[in-house]
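Q: One structure coming up, written as C-alpha cells, with questions to follow.
Values quoted throughout were computed directly from the atomic coordinates according to the rules given, and no laboratory measurement underlies them. This structure is a prediction, so every number in the text was calculated from the model and none was measured. Cβ placement follows ideal geometry from the backbone for every residue including glycine, while neighbour counts extend to all protein chains displayed.
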Amino acid sequence: MHSLTETTIRSSFVNASRKTIKDMALPESFEQMTEADWAALDFYGWRDPKFARRAYVVVPTLDGDLIGVALTQAEATPNSRAMCNWCRDVRLPNDVVLWAAKRAGAAGRRGATVGILACLDFECSHNVRKDPPLPYDGYDMGAARVRRIEQLALRTLGFIESVTAE
Ligand SMILES: [Zn+2]
C-alpha cells in the first residue's frame, strides 16, 4: 500500500465516534515507517498503545479510497490452534484473537457488530510474504506468494464490506 499520513488515517474511520478517533494513538513505529515498510503491507493494523483492547485496521479499497475500522478485542480467547481469517497462515506463527467491529451507521447504533478471528498484532501482511518450504520441485513460489497477497487484500476488503453493509 502507499504510505499514509496521520490525517488520512484519522479521517478514514467508518465505525468510530469522534471521541474514539480523537483518543486514538498511533503506534510508536508509525513515525519510522519507510516507503518500503508501507509497500510490504496490504493493510495497516495496530493495537492502541493507550487502551488495552482497542485496535484499528485501515484498508485501501480497489478505487483508491481508504477505509478505517475500529476494533475491540473480545474477552474470550479462541482455542490455541485458531487460524487467522485474513492471512489463513496454517503455520500459526503468532497468536490469533477474536475481534469485534461495531457496524457502520444505523446498525452500529443499534449495537450490531461483526466478529473476526485475526492475528494479534495484524502480522498478516508479513505472514503471506513468507514462503513455505518448497512443496515439490517446480512449484512456483513467486506465483503462490502473489496469490496469497491478493487473497489477503480480498479478505480484508470483504471484512470492510461486512462492516459497512446496510
Ligand atoms: Zn493474519
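Q: Give the distance, in whole Å, between the Cα centre of the range 28-42 and the Cα centre of the range 89-166.
A: 19
Q: So who's got an amide H within less than 5 Å of the one on Thr113, skipping anything under 5 residues away but keeping other chains? H placed 1.01 Å off N, in plane.
A: Arg103
Q: Continuing with this model, one more query. Working from Cα positions, state the angle (0 to 90°, nearest 10) between the long axis of helix 141-164 and the longest principal axis of the chain.
A: Once rounded, the angle reads 20 degrees.
Q: State the percent of C-alpha pairs, over all pairs in the range 1-131, separated by a distance greater than 17 angstrom.
A: Values: 5119 of 8515 pairs.
Every Cα pair in the range 1-131 considered, those over 17 Å come to 60 percent.
Q: Now a separate question. Can you show me the helix-derived [θ] at 222 nm for the chain, built from DSSP H runs with n ≥ 4 at -39,500 (n - 2.57) apiece and divided by the number of residues, rounded to the nearest 500. Before the final figure, lay out each step's value.
A: Working: 6 runs with 50 residues, N = 166.
So the helix-based figure for the chain works out to -8000 deg cm²/dmol.
Q: Here's a follow-up. Separation between the Asp140 and Phe51 pseudo-spin-labels, each 7 Å from Cα along Cα→Cβ, expressed in nm?
A: About 4.5 nm separates the two model spin labels.
Q: Using amide H atoms built in the peptide plane, which far-off residues or other-chain residues are under 5 Å from Val96 H to H?
A: Leu120
Q: Given the chain, what count of lysine pairs have C-alpha atoms under 20 Å apart, with each pair 8 or more places apart or on different chains?
A: Values: Lys19/Lys50; Lys19/Lys102; Lys22/Lys50; Lys22/Lys102; Lys50/Lys102.
The result is 5.
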